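Visitor: So that we are looking at the same thing, I have put the structure below in C-alpha cells.
The values are calculated or read from the model by the stated rules, or taken from the named source; none is laboratory data. What you are looking at is a predicted structure, and each value in this text was computed from that prediction instead of being measured. Virtual Cβ from ideal backbone geometry, glycine too; neighbours counted across all protein chains shown. These area figures cover heavy atoms from the full protein model, side chains too; ligands, DNA and RNA do not enter into them. Shrake-Rupley method; radii C 1.70, N 1.55, O 1.52, S 1.80 Å.
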Amino acid sequence: CAVVTRSFHVRADSKPLDQSPWLYRIARSAHGVEVEMLLDRAEAHVDTALRAFPTSFRIICERTEQLRLSVDSPAVRKGRSRALALFSQQALVRRDALDRALSDLDRARRLEPNDPEIARARVRVLALWEEPGSVERCEVRQRTAAAIEALRELHALRPEVGSASLFELGALLARQADYPAAAAAYRRAVAIAFDDSERTAAYAQLAQVSMLSGDAEAALPDYQRALATAPPGRASALLHYGLAVALDRLGDHPAALEQAVLALEASERSLDVLAPDNVQFEPAT
C-alpha cells in the first residue's frame, strides 16, 4: 500500500495552475498517487547514482590516462590501472541506480503517457546513463539517441520549447557529433533567448560546436558575440580562453596570446576555471 503523508485538501475540479503539479496529478488521475511515488523514487535513484560517481567515466578515464607524472614507472602505471578499475566499478554502481530510475519512470509513463514531468525526468536519466567498457581505451556506452528521442517527446507534450531545452538538445546532438543539428538548436536558442545571460550561453555553445567540428574560423564571431554580453569573471575568462584557442588554431598567435592574458585577468590569474569536467575547447584528437 502507499502512504501519503501530505495533508493538503485537493479539489478535483481545480485548474492546474491553482495547485502544484503533484497535487494536480493526484487530483486528476486514478494513478496520481502511484505516479508521484514513482517519480520520487526515481529521483532518489538518480541521487544515489550521482553520489556513487558524479561525472562521466569517459572524462575521468581520459584525464587519468593523460596525467603525466614526473616518474612514469611500472609501479605508477599499475597504480593508474588500479584507479581506473575502481572508477569503472563505481561507474557501474551509477549505471545500476540509473537503470532502477528508468524502470520506475517507464512504469510511471505507462500509467500517465502524456505527463510532461515524467518525460522530463526520463530525458535527464537517459542523458546521464553511461556504461564503462574498455578501461584501456576509455570506452563507454551511452543512451544518447534515446535521450534525444525522449527530449523530442517532451517537446511534443510541451510545444513551448525554452532555451534550456534547446541547450539540452544541442549538447546531446554534439555528443553524437551531429554538429550541424547541434548548431541549429543553439541558433534557435539565440533567437528565443530571454535575456543576455541566455544569449551569451547560446553564442558560447555555438562557438564550441564550431570548434568541435574543426571550423575555428566560424567560431570567432560567436565567441566575440558571447563576450559582448558576458558578465565579468569566470564566464568571460572561459570565453577569452576559447577565443585564444581559436585564434591560435588559425595561426594568429599574438592575438591568441592577448586573449589568454585577458582570460587570466578575468579569472584573477587563476586557472581554476579550466578544472570542471564540462570545460573543453577542441576535440581530443
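Visitor: Six or more apart or on different chains, Cβ atoms under 9 Å: show the pairs whose first residue is in the range 54-73 and over 20 Å from residue 93 (Cα atoms) and whose second is at pLDDT 75 or above and surrounded by fewer than 11 Cβ atoms within 10 Å (Cβ to Cβ).
Guide: 65/136
Visitor: Here's a follow-up. Going by what's in this entry, would residue 152 be described as in a helix (DSSP H, G or I), modelled with pLDDT under 95, among the charged types (D, E, K, R) and within 21 Å of residue 175 (Cα to Cα)?
Guide: Yes.
Visitor: Just give me the residues in the range 45-83 being in a helix (DSSP H, G or I), open to solvent by 90 Å² or more (accessible area, probe 1.4 Å) and modelled with pLDDT of 90 or more, in sequence order.
Guide: 51
Visitor: So which of 260, 219 is touching a residue at least 12 places away in the same chain (Cβ under 8 Å) and more than 23 Å from the chain's Cα centre (by Cα)?
Guide: Going through 260, 219 in turn, the sole match is 260.
Visitor: Please go through the range 239-285 and pick out each residue that is of a type in the set (Ser, Thr, Tyr) and modelled with pLDDT of 65 or more.
Guide: Within the range 239-285, 241, 267, 270 meet the criteria.
Visitor: Still on this structure, I have one more. Just one of the numbered conditions (1) open to solvent by less than 50 Å² (accessible area, probe 1.4 Å); (2) farther than 27 Å from residue 59 by Cα; (3) not charged (D, E, K, R) is not true of residue 163; which one?
Guide: Condition not satisfied by residue 163: (2).
Visitor: A further question on this structure: Collect the residues in the range 140-160 that are open to solvent by less than 30 Å² (accessible area, probe 1.4 Å) and either more than 21 Å from residue 54 (Cα to Cα) or not aliphatic (A, V, I, L, M) (or both), keeping them in residue-number order.
Guide: If the condition is that a residue be open to solvent by less than 30 Å² (accessible area, probe 1.4 Å) and either more than 21 Å from residue 54 (Cα to Cα) or not aliphatic (A, V, I, L, M) (or both), then 144, 148, 150, 151, 154 are the ones that fit.
Visitor: Taking the stated definitions as given, is residue 86 loosely packed, with under 15 Cβ neighbours inside 10 Å and free of Cβ contacts under 8 Å to residues at least 40 places away in the same chain?
Guide: Yes, satisfied.
Visitor: On the given criteria, is residue 137 surrounded by fewer than 19 Cβ atoms within 10 Å (Cβ to Cβ) and closer than 17 Å to residue 94 by Cα?
Guide: no
Visitor: Here's another thing I want to ask about it. So which of 122, 109, 187 ends up being in contact with a helix residue (DSSP H, G or I) (Cβ under 8 Å, 6 or more places away or on another chain), touching a residue at least 12 places away in the same chain (Cβ under 8 Å) and open to solvent by less than 50 Å² (accessible area, probe 1.4 Å)?
Guide: After applying the criteria, what remains is 122.
Visitor: Continuing with this model, one more query. Give me the residue from the range 227-257 that is more than 21 Å from residue 190 (Cα to Cα) and surrounded by fewer than 15 Cβ atoms within 10 Å (Cβ to Cβ) and, out of that set, nearest to the chain's Cα centre (by Cα).
Guide: So, considering only residues that are more than 21 Å from residue 190 (Cα to Cα) and surrounded by fewer than 15 Cβ atoms within 10 Å (Cβ to Cβ), the one nearest to the chain's Cα centre (by Cα) is 233.
Visitor: Is the range 135-144 home to any residue that is outside any loop (DSSP other than H, G, I, E, B) and aliphatic (A, V, I, L, M)?
Guide: Yes, there is a match, as at least one residue in the range 135-144 is outside any loop (DSSP other than H, G, I, E, B) and aliphatic (A, V, I, L, M).
Visitor: Let me ask something additional. For the structure I just gave you, tell me whether residue 97 is surrounded by 12 or more Cβ atoms within 10 Å (Cβ to Cβ) and either closer than 30 Å to residue 159 by Cα or more than 21 Å from the chain's Cα centre (by Cα) (or both).
Guide: Taking the combined requirement at face value, the residue does not satisfy it.
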